[in-house]
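First up is the structure itself, then whatever we jot down about it.
The values are calculated or read from the model by the stated rules, or taken from the named source; none is laboratory data. Quick caveat: nothing in here was measured; it's all calculated off a predicted structure. Methodologically, a virtual Cβ is constructed for each residue, glycine included, from the backbone with ideal geometry; neighbour enumeration extends over all protein chains shown. Remember, those area values only see protein heavy atoms, side chains included, never the ligands or the DNA or RNA. Shrake-Rupley method; radii C 1.70, N 1.55, O 1.52, S 1.80 Å.
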Amino acid sequence: MNGSVAYVVATLGCLIGVAGIVVAAVAFSRSRKPNRPTPAKDPFRDTDSDALRGDPRKLKPGDIVEIRGVSYAVRGSVHLVEGGWSWAEHLLDTVEGDKRWLSVEEDPDLELVLWTAEPAATITPGAPTLDFAGRRYSWEESGQARYSASGSTGLDPYGTVRYQDYRGQGGERLSFEAYGDAGWEVGRGERLHRADVMVYPQSGPEGS
């Protein structure tokens, strides 16, 4: 009886010892395994331009934006939503008082257009093609969006805007916008390359 007990105890001791060795070996092998690799990043996402030149998607009143060597202050911003689509338009101003608009849209790539108001224009939208300032434009799209305005834009804080957009050769644009019950305002646009635009975010109430 005592011999049997001793045999069982010895056997259990051997099993426990072997189990301890196995656990130690497993723990050691796990400690030598490399860490789980991080998920791969989108190879087509260009973050270098935003890091070096600032992100136009984040423009806000008070920021400074340089376009082709000309510095503008962002006086106001208008954010527009139509269904599941959204874009922004920013009122720019130089120290000499030259006012322009910069539209920022992802379609799906980032699209930047510098606009010049044409207050003396007498044309109206609706035709399939329009001739203006010696150029021909073809109808592209129209719709109505809700907007919210901040900073100095001359607009109500909230409202709706109707628009009709035309496109010419070489990325040129012609746009008609009517805010609220106002009449059509005409703007002539030029598409910009990403390298044309440098953003200098500014601190302050609008940028905090």
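Cβ under 9 Å from Leu92's Cβ, Leu92 left aside: what net charge do those residues give with Lys, Arg +1 and Asp, Glu -1? Let's see the in-between values first.
On the way: positive: Arg75, Lys99, Arg100; negative: Asp93, Asp98.
Once positives and negatives cancel, what remains is +1.
With +1 on each Lys and Arg Cβ and -1 on each Asp and Glu Cβ, how big is the dipole of the range 130-207 about its Cα centre, in debye rounded to the nearest 20? Could you put the intermediate results ahead of the total?
Working: 9 positive and 12 negative charges, 50 e Å.
With only Lys, Arg, Asp and Glu charged at Cβ, the dipole is about 240 debye.
Out of every Cα pair in the range 57-208, what percent are spaced more than 20 Å from each other?
49
Over the range 48-130, calculate the relative contact order: mean separation of alpha carbon pairs under 8 Å at least 6 apart, over the residue count, as a percent.
Numbers: 114 pairs, mean separation 13.9, N = 83.
For the range 48-130, the relative contact order is 17 percent.
Can you give the charge dipole size of the range 59-208 about its Cα centre, rounded to the nearest 20 debye, using +1 on the beta carbon of Lys and Arg and -1 on the beta carbon of Asp and Glu? Display every interim value, and only then the final one.
Values: 14 positive and 25 negative charges, 36 e Å.
Roughly 180 debye, rounded to the nearest 20.
Please give the per residue accessible area of the range 125-208, computed with a probe of 1.4 Å over protein heavy atoms only, in Å².
Details: 5040 Å² over 84 residues.
With the other protein chains kept in place, the range 125-208 gives 60 Å² per residue.
Averaging sequence separations of C-alpha pairs under 8 Å and six or more residues apart, then dividing by the length of the range 52-208, give the relative contact order as a whole percent.
Working: 352 pairs, mean separation 42.1, N = 157.
With pairs under 8 Å counted, the relative contact order is 27 percent.
What residue among Ala133, His90, His79 has its Cα farthest toward the positive end of the dipole of the range 59-157, where the charges are +1 on Lys, Arg and -1 on Asp, Glu, each on the Cβ?
Checked the options; the winner is Ala133.
Averaged over all directions, how much area does the convex hull of the C-alpha atoms of the range 134-201 cover when projected, in nm²? Please list the in-between numbers first.
Numbers: hull surface 25.4 nm².
The orientation-averaged projected area of the Cα hull of the range 134-201 comes to 6.4 nm².
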